[in-house]
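The structure under discussion appears below in the form of structure tokens.
The values are calculated or read from the model by the stated rules, or taken from the named source; none is laboratory data. Fair warning: this is a prediction, and the values are worked out from it, not measured in the lab. Positions of Cβ are generated from backbone atoms using ideal geometry, with glycine treated the same way; all protein chains shown enter the neighbour counts. For accessibility, only protein heavy atoms count, side chains too; no ligands or nucleic acids. Shrake-Rupley method; radii C 1.70, N 1.55, O 1.52, S 1.80 Å.
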Amino acid sequence: VPMTREAELFDEAANLGRQVLWLHTYGDRFADPSAGRPPHIPAGRAKNTRPVSQEPEKYPEEYEYNEGCQELRVGDGMFAPVSPEVWQYEVSGLPVVSSWLGYRMRSRAGRISSRLDEIQPERWTAELTDQLLELLWVVEGLVALEPAQRALFERIVKAPLLEERDLPPLGNEHPARKEPSFAPQGQLMV
């Protein structure tokens, strides 16, 4: 990870990182209304343009994305506009929106590790619609930050960087290397 020697660039990177973490945590971390980060994710562009049926027999079995119309169909419901960048957004190779949806279809996608994984709602709920909208808004925000992240990264790697030899050595005596200590059972450590 390139680390800049320039304090101004470092501060810029830290501020951009706060925005990313604010989005990743749905506004739970690094909320700062004065910096445009309220303690919740504000509504984005995507809307629920046709409600998903809440009738048990119509629980969604599939979803489909139409890039030309920028529409995401979930069962008999519709969400739009959903940009191709939002639909294709991945974290470590995982397509975020389609993965979220796959786990919430009648026949779930993904690995089942216990019987608890077989428990699912009887019907699509307003809460599931709200959760999907929040996810879409978070991804919209992350996609919007990508150009700034790319430009800042390019500026950082062109500027003087800290090198390993510039950092203090980490020996066994360094606090980060200490073994954790635990209090005997029933006692508090102070």
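Can you tell me the 0 to 90 degree angle between the C-alpha axis of helix 126-158 and the longest principal axis of the chain, rounded to 10?
Approximately 40 degrees, to the nearest 10.
Ignoring ligands, DNA and RNA, what percent of the accessible area of the chain is carbon or sulfur (1.4 Å)?
53
Output ³J(HN,Hα) for region 30-41: one whole-Hz value per residue in order, computed from phi by the Karplus curve 6.51 cos²θ - 1.76 cosθ + 1.60 with θ = phi - 60°, and x for Gly and Pro.
Using θ = phi - 60°, the values come out as 6, 5, 7, x, 5, 9, x, 10, x, x, 7, 8 Hz.
Evaluate E = 1/(1 + (r/R0)^6) for Glu118 and Glu61, where r is the Cβ-Cβ distance and R0 equals 25 Å; express this FRET efficiency to the nearest 0.05.
Efficiency for this residue pair is about 0.95.
Taking only protein heavy atoms and a 1.4 Å probe, what accessible area per residue, in Å², does region 6-151 have with all protein chains in place?
Accessible area per residue, region 6-151: 59 Å².
With a point put 7 Å past each Cα toward its Cβ, work out how far Ala148 is from Thr49 in nm, to one decimal.
2.8
What do you get for the angle between helix 7-24 and the principal long axis of the chain? Use alpha-carbon atoms, 0 to 90 degrees, nearest ten.
30
Please say if region 123-175 is rounded, prolate or oblate, where rounded means a/c under 1.5 for a ≥ b ≥ c the square roots of the C-alpha gyration tensor eigenvalues, and otherwise the choice is prolate for a/b larger than b/c and oblate otherwise?
oblate
Can you give the charge dipole size of the chain about its Cα centre, rounded to the nearest 20 debye, using +1 on the beta carbon of Lys and Arg and -1 on the beta carbon of Asp and Glu?
That gives a dipole near 200 debye.
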